[in-house]
Structures are given as C-alpha cells and as structure tokens.
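Peer 1: Just dropping this structure here.
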Amino acid sequence: MMDLLIPDKTHDESRQGEALMLKAEAAKNNGRKLYIESYGCAMNFSDSEIVASILAERGFETTPDYSVADVIFINTCSIRENAEQRVRNRLKEFTVAKVKNPGLVVGVLGCMAERLKSKFLEEEKLVDVVVGPDAYRDLPNLIDRVDDGQKAVNVLLSREETYADISPVRLNSNGINAFVSIMRGCDNMCSFCVVPFTRGRERSRDPKSIVAECQDLFDKGYREVTLLGQNVDSYKWKSKAEGSESDAISSVSEAETNFANLLEMVALISPDLRVRFSTSHPKDITDEVLYAINKYDNICNYIHLPVQSGNSRILDLMNRTYDREWYINRIDAIRRIIPDCAISTDVITGFCSETDEEHKDTVSMMDYVKYDFAYMFKYSERPGTLAAKRYADDIPEEVKQKRLTEIVAKQQEYSFYRMQARIGRVERVLIEGFSKKSDKDYCGRSDQNAMVIFPVGEGYKPGEYVNVLIERSTTATLIGRVV
Ligand code: 5AD
Ligand code: SF4
C-alpha cells in the first residue's frame, strides 16, 4: 500500500499535488522490477524502504532476485574501509549481470555514493546512477536519464529532507518489527566518523508524521517499532501552535517536542506496541528520557550507548565531547532510574596514538558497565574526517588486532554473565517467528533485547506476547519454555 501520510509542513501544496498524481500513476505497473540490497546501519535499511516506495509510485515492483531485475540498487556504507570493500566486491557480481543484459540499470545509493560522488562512475564504469541519501526523490528522473543513454548523479545534501510524507514499502518484513526514521544526518563531528560528511546536517522529522507511521504499523499488525537516528537524544521539533484568541500579543506560540516527549507519544499508541530506539549519545541522553523509559512498560529497557573509548584523552581526540567520568555518570543514572535496563555499546580499538595504558581504561570501563552486548571495531581511517586530517593513524595493525581480540573475549564473558543472570526468571517475549535452527522452536526478543528460544505450542503465534521461563543460556541466546 502506497498511502501518503499526513503531509509534512515543510512540503508545499505543489509537492502534495505531485505526490497524488504519482500515486495515481502507481496504479499502473510499469513492468519493471527493482532489486535493492542494503549494507551498514539500520538507517540504510530504512532508507531502502523509502527508495522502494518512491519507485513503487512509478510502477516499479520490488524483487528479491537480482537476476530478474531491470534496476539493481546497492545502498552502501562508508563507515569503515572493509564496508566499502564489501560493496565493491558485490558490484563486480552485478556488473557481470549487466554484461548479459545491457538494459539493466545499476545504481549506487547511500554513503559511498555521497563520499565518492561522480568519481564512482570513473572507478566503476558499469555503474549508471550515483545518488546520495538526501536525493532519493529524484530517482525516477535519474532512471529516465539513464534510459536515455546518459549517466546520472545527484549527491545534493539537504537541510530539510526527512521523507516525512513517504510511507515506506516494508522490505523483507516479518510484519512484526519495523524501523521508523525520526531524524537524519549528524552534527556531532566525532573525529573518526565519515557520517556527518555523507549524511549531512542533522534534522528532525515532524512528530505527527512519526506517530502516524507508527499508528499505521500497529493497525497493520506490527508490534514493535525501532525509532532511528544517528543521535536520537538530540531530536527536536518546533511546531507553530495556534495561540488562544485572548492572546493579543502573539497568536502563535512555539511548542517544542524533544526525544522524551516523542517516546511518550509513540508509547501511548498502544501498550501492545513495543518501542525501541537507536542510537543514544552519552553527551545528550537526559534523565528525562530515562524517566520516560521507566514510566512506560512498552518502552523497552534497553539502551545502546556507544562509549568508543574508556579513556578521557582519547575521547577528547575523538571529539566525543564527554569524558570517562561523564559516561560513568550516565551509566549510573541509567542503573538508578531504570532498574533492570540492558546496555550495549560500540568500541573502537587502536585510535590514533592510543597507548596500552589508555586501552586498559577501555577494558576497565567494560568491567564497570558489564555490557550486555558490544559492537567492537579496529580504527579505520576515513578520508576527509577530522582524525585523518589531524592525527597519524599510527597504531600498528597487529596492536589494533590484539586489543580488539582482548575486548572481544572480555565481552563474551560479560554477555554470558548477563544471560546467565536471567536463568530462573520469566521474560515477556514478543514472538517473531520460527528460530533459525528449527521450526519446532519459536524465537523472539525479551524487553532487554535478548533473543529467546522456546518450543512452538498451542495458543500462541508470531506477533503475540508470551511469558517464557528461562532455563538455560548460551552467550547470545536465552532458552526456556512458555509458562
Ligand atoms: N573506524 C572504526 N569504527 C568506526 N565507527 C565509526 N567510524 C569508525 C571508524 N572510522 C564505529 C563507531 C560507531 C559505529 C557505528 O561504528 O563505534 O559508533
Ligand atoms: Fe558518527 Fe559521532 Fe555522528 Fe555517530 S554521533 S554518526 S559516531 S559523528
């Protein structure tokens, strides 16, 4: 269904008119098939659903099989060098398909498109279209241009685009969990990070369109939404609300919605709609947000709070704008305000000039927090970032790897510790489907985001909540039975 959501105030009448015309055209299937593959963060997967919607309006049908596609899009990630390498390897496979079918359109979307711009067309000759994250509305025109025998590039970044009025086509969906983008871009300028350059300035989406999208998902049977942004804690929307007539000075007052308000608005849709969110930033996460999480049972007790390093000098070089003490203060606030909250993190090892002693501070931070889960990376210098300009990437590869191996082992211990602590407890689980290994078991996640496996049984099915008594665990999974 390609329904338009409540129009965003930033979109004028003409665009609404155009959208409605496009909607009418969409009734006609143009007979062409779109295959889209996504890499990197959840935001990219969410963007691909917007792209599928924009092209569905023009009659493109999505296919899960690239060998039958007329248009192949690859939505790319630039965060580390190996992410880009993976995309280049995959592109080689697509270009083989193009040799067989010269009418095939191959496009590169997302962060690599934005980073490399038209250079991509020189490097990868068989690519036809290069489109940055803020230019997806232009895709139908760009495809037309390729059909006319030209190459097409649009990498303009925007200060306003949030695709608020576009109702995403849910790709690879189980009909239970969905991503909902609440903001775009990032203004933080962490020195290692390419995202501010590839995704542009931070802007928030109209809360009315967010709530409408979540309500629509709930009405269609979805039971969990994950609100997405690079830094959800800096979500901010100012709306002009009409003042009362007696207010002679100003008939317009400014109402501001922050992330805590938005969480509450989404939580109030239904107690049966679980609300998750990612990513929080240690410098911006407020007690108000923590109290909102604690107040509503359906806002999940799980926070992803990237630390990056446990050492204050390295955090300063990373331009994270907090130090070790500040981060610990935020962890303590979470523990105080939300009893039983799972916490996960991101860590980078071997950032410029990091000493063994400083690395030990990261290890001791892991000992302090005992994270439920962590994503851990070796520092990868990205062209154009502040760190690439200012600091030498001077930690030898073996040292980066040794430090990474050490923290991965440490995290394994803490993940297992956290899992074991759930044994004997009853977890409320939203059933997502059969477990990967067996159709005799269901899987679903607990409030704290742990994967739970339990036998299929009478009286419950995917999309429903069950209480599961946890009997044993691995480092990554809880195993139990419905009670
Ligand atoms: N090198 C290694 N890891 C990085 N990340 C971001 N940029 C880099 C980089 N240049 C990691 C951070 C971030 C996560 C999404 O990716 O830990 O939180
Ligand atoms: Fe990158 Fe930092 Fe923005 Fe996250 S907060 S996207 S790490 S610049």
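The values are calculated or read from the model by the stated rules, or taken from the named source; none is laboratory data. Predicted model, so just to flag it, every value in this text is computed and none were measured. All Cβ positions, even for glycine, are placed from backbone atoms using ideal geometry, and neighbour counts span all protein chains on display. Note: areas computed on protein heavy atoms with side chains; ligands, DNA, RNA excluded. Shrake-Rupley method; radii C 1.70, N 1.55, O 1.52, S 1.80 Å.
Peer 1: Give the residue from Ile423, Thr76, Met183 lying farthest towards the positive end of the charge dipole for the chain; charges sit on Cβ (+1 for Lys and Arg, -1 for Asp and Glu) and the dipole is referred to the Cα centre.
Peer 2: Toward the positive end, the furthest listed residue is Ile423.
Peer 1: Next question. If I ignore ligands, DNA and RNA and count only protein heavy atoms, how much of Cys41 is accessible to a 1.4 Å probe, in Å² to the nearest 10?
Peer 2: We get 60 Å² for Cys41.
Peer 1: How large are Rg and Dmax for the chain when only the alpha carbon atoms are used, in Å?
Peer 2: Just the Cα atoms of the chain yield Rg and Dmax of 23.4, 71 Å.
Peer 1: With respect to the cross-link table entries Lys98/Lys151; Lys283/Lys360; Lys370/Lys437, which display a Cα-Cα separation exceeding 19 Å? Display every interim value, and only then the final one.
Peer 2: Numbers: Lys98/Lys151 15 Å; Lys283/Lys360 22 Å; Lys370/Lys437 29 Å.
Listed pairs above 19 Å: Lys283/Lys360; Lys370/Lys437.
Peer 1: Share of the range 20-154's accessible area from carbon and sulfur, percent, 1.4 Å? All intermediate terms of the calculation are to be shown ahead of the outcome.
Peer 2: Working: 2930 of 5680 Å².
Solvent-exposed carbon and sulfur of the range 20-154 make up 52 percent of the total.
Peer 1: Something else: Would you mind checking which residues have amide H under 5 Å from Asp441's amide H? H placed 1.01 Å from N; only 5 or more apart, or other chain.
Peer 2: It is Ser435, Val456, by chain and number.
Peer 1: Using the per-residue mean of other Cβ atoms lying within 10 Å as a proxy for protection, in what order, highest first, do the peptides 194-203, 98-107 fall? Intermediate values should be presented prior to the final figure.
Peer 2: Details: 194-203: 20.7, 98-107: 14.8.
Ranking the peptides 194-203, 98-107 by packing returns 194-203, 98-107.
Peer 1: As an exercise, take the mean of 1/r over every pair of distinct alpha carbons in the range 20-154, invert it, and state the Kirkwood radius in angstroms. Present the calculation step by step, with values, prior to reporting the outcome.
Peer 2: Numbers: mean 1/r = 0.0678 Å⁻¹.
It is 14.8 Å.
Peer 1: Another one. Once the Cα atoms of the range 314-380 are picked out, what are the Rg and Dmax in Å?
Peer 2: According to the Cα coordinates of the range 314-380, Rg and Dmax are 12.6, 38 Å.
Peer 1: Let me ask something additional. Would you list which lysines come within 22 Å of Lys440, measuring only between C-alpha atoms, while excluding same-chain residues fewer than 8 positions from it?
Peer 2: Leaving aside lysines fewer than 8 places away in the same chain, those within reach of Lys440 are Lys461.
Peer 1: Taking all protein chains together and a probe of 1.4 Å, list Arg86, Arg320 from the most accessible to the least accessible.
Peer 2: Working: Arg86 135, Arg320 15 Å².
Order by accessible area, largest first: Arg86, Arg320.
Peer 1: Summing -39500 (n - 2.57) over the DSSP H runs of n ≥ 4 in the chain and dividing by its residue number, what mean residue ellipticity at 222 nm do you reach, to the nearest 500 deg cm²/dmol?
Peer 2: -10500 deg cm²/dmol
Peer 1: On a 1.4 Å probe surface of the protein chains, which of Tyr375, Tyr35 comes out largest in accessible area, and what is the full order? Write out the running numbers ahead of the final one.
Peer 2: On the way: Tyr375 105, Tyr35 25 Å².
Putting Tyr375, Tyr35 in descending order of accessible area: Tyr375, Tyr35.
Peer 1: If amide H atoms are built 1.01 Å from N in the plane of the peptide, which residues on other chains or at least 5 residues away come under 5 Å of the amide H of Val106?
Peer 2: Correct list: Ile72, Asp128, Val129.
Peer 1: Where only protein heavy atoms count, and the probe is 1.4 Å, what is the accessible area per residue for the chain in Å²? Show your work: numbers first, answer last.
Peer 2: Working: 21460 Å² over 483 residues.
Spelled out: the 1.4 Å probe surface of the chain, per residue, equals 44 Å².
Peer 1: Only loop residues by DSSP count here, and only those with at most 16 other Cβ atoms within 10 Å; note down the trypsin sites (Lys or Arg not before Pro) in the range 376-483 that meet that.
Peer 2: Details: sites: Lys378, Lys389, Arg390, Lys400, Lys402, Arg403, Lys410, Arg418, Arg422, Arg425, Arg428, Lys436, Lys437, Lys440, Arg445, Arg472, Arg481; in loops: Arg422, Arg425, Lys436, Lys437, Lys440.
Here the sparse-neighbourhood loop sites are Arg425, Lys436, Lys437, Lys440.
Peer 1: Something else: Would you mind telling me the share, in percent, of accessible area of the range 257-333 contributed by carbon and sulfur at probe 1.4 angstrom?
Peer 2: On the way: 1270 of 2660 Å².
In the range 257-333, the share of accessible area belonging to carbon and sulfur is 48 percent.
Peer 1: So, one more: Using a 1.4 Å probe on the protein heavy atoms only, what accessible surface does Glu471 show? Give it in Å² to the nearest 10.
Peer 2: Accessible area of Glu471: about 90 Å².
Peer 1: Can you tell me the dipole magnitude for the chain around its Cα centre, using point charges on the Cβ only (Lys, Arg +1; Asp, Glu -1), in Debye to the nearest 20?
Peer 2: 1140
Peer 1: Another one. Restricted to Cα positions, what overall size does the range 426-482 have along the principal axes? Three whole-Å values, descending.
Peer 2: Extents along the principal axes, in whole Å: 27, 22, 16.
Peer 1: State the percentage of accessible surface on the range 426-482 attributable to carbon and sulfur atoms; use a 1.4 Å probe and exclude ligands, DNA and RNA. Mind dumping the intermediate values first?
Peer 2: On the way: 1480 of 2950 Å².
Solvent-exposed carbon and sulfur of the range 426-482 make up 50 percent of the total.
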